[in-house]
Amino acid sequence: MEAPRPHRPPSIRLVNALGRAASGLGLRLPSLSEESLLRAAEEATGLADFGPSGFRPGLHQLLASLERDAALNSIGRIFARGQIVDLLANRLRLLEHRKRHPDLANQRVERPLFVLGLPRTGTTILYGLLAQDPAHRSPLSWEVGFPCPPPRGETYHDDPRIGQMDRQLDQLRRCVDCIRCGACFSDCPKRGEGGEFIGPAACVDLFRFFFDPRDGSREKRGGTALAPGGIFDCDSHANCVKVCPKDVRPLRAITFMKREFPASREE
Ligand code: SF4
Ligand code: SF4
């Protein structure tokens, strides 16, 4: 079933309209060209050696597919560009670290284990189980997300990257705590206006289950979030944050989705 046409606030529509105007002049903004992304990663890190070119065919395919298949609007292009530049910058930092510490190449990782799978299929619990074995060196989320410089023994428990990753995961944990008491729904001024806004608790559920692909309803949830009455009807009054007895902070979930969802399809 085709998702309903997304509803977007004026600021987002303005950015997309400017993008379409630029596209009419033959400019696809912001650029997703390979060279432009590589240069941006270089500027972000002050490094320029990407090492062996084995990653280039995959990058090339990804960028071609984003242009050909994803039909990204300007906001979507901004997000895609940011994520790819971050990954390329990680590559530059890792290679630089290897150059400064050539002895690392002599270290052997004996029989590494990789846990791969879609979200919510048991990978986390399997990983956690394997990590219980003191013979295993199991990288934590912050080490995987921010791999360079590698963690050091003396700062392993208070590295600032731990807090950075915690903040990223915090909202998902909070949404799981929702007890559906309805306090946020009653106190939401947008609900009081008598419109069709689905309300903060429903937005919390959309956020929580958007990351769960098991029932194949991701597209449908995206449609609900973007349709009139969805997340863009929230006026950010924050009453829902004040009244929630479980500190779920629905506004943070809504703000996150407002940032992420415009990356879907061209209006
Ligand atoms: S007030 Fe908090 S716990 Fe209650 S329904 Fe809203 S988000 Fe959930
Ligand atoms: S922030 Fe949004 S959801 Fe929360 S009370 Fe205000 S309008 Fe309602």
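Got at least one residue in the stretch 177-184 being out of contact with any helix residue (DSSP H, G or I) (no Cβ under 9 Å at 6 or more places or on another chain), farther than 30 Å from Lys99 by Cα, at pLDDT 85 or above and outside the structural domain of Arg91 (by TED's automatic domain parsing)? If you could, list the steps in order and put the result at the bottom.
Here is the first cut: in the stretch 177-184, the ones out of contact with any helix residue (DSSP H, G or I) (no Cβ under 9 Å at 6 or more places or on another chain) are 177, 179.
Add one more test, that the residue is farther than 30 Å from Lys99 by Cα, and what stays is 177, 179.
Among the residues that remain, those that are also at pLDDT 85 or above are: 177, 179.
From the residues that got through so far, the ones that are outside the structural domain of Arg91 (by TED's automatic domain parsing) too are 177, 179.
Yes - at least one qualifying residue is present in the stretch 177-184.
Answer yes or no: is there a residue in the stretch 115-126 that is exposed (fewer than 11 other Cβ atoms within 10 Å of the Cβ), polar (S, T, N, Q) and outside the structural domain of Gln61 (by TED's automatic domain parsing).
No, there is no match, as no residue in the stretch 115-126 is exposed (fewer than 11 other Cβ atoms within 10 Å of the Cβ), polar (S, T, N, Q) and outside the structural domain of Gln61 (by TED's automatic domain parsing).
Can you go through Asp215, Asp166 and tell me which one is modelled with pLDDT of 85 or more, away from ligand 2 (no atom under 13 Å from the Cβ) and not basic (Lys, Arg)?
Values: Asp215 fails: modelled with pLDDT of 85 or more.
Going through Asp215, Asp166 in turn, just one is modelled with pLDDT of 85 or more, away from ligand 2 (no atom under 13 Å from the Cβ) and not basic (Lys, Arg): Asp166.
I'd like the full set of residues that are within 14 Å of Leu63 (Cβ to Cβ) and part of a loop (DSSP other than H, G, I, E, B), limited to the stretch 33-50.
Ser33
I'm trying to understand the selection: among the residues of the stretch 118-160, which are on the phi > 0 side of the Ramachandran plot and without any contact (Cβ under 8 Å) to a residue 24 or more places away in the chain? Working first, answer last.
Keep residues of the stretch 118-160 that are on the phi > 0 side of the Ramachandran plot, which gives 120, 122.
Correct list: Gly122 only.
The values are calculated or read from the model by the stated rules, or taken from the named source; none is laboratory data. Keep in mind that this is a model prediction, so the values were computed, not measured. Methodologically, a virtual Cβ is constructed for each residue, glycine included, from the backbone with ideal geometry; neighbour enumeration extends over all protein chains shown.
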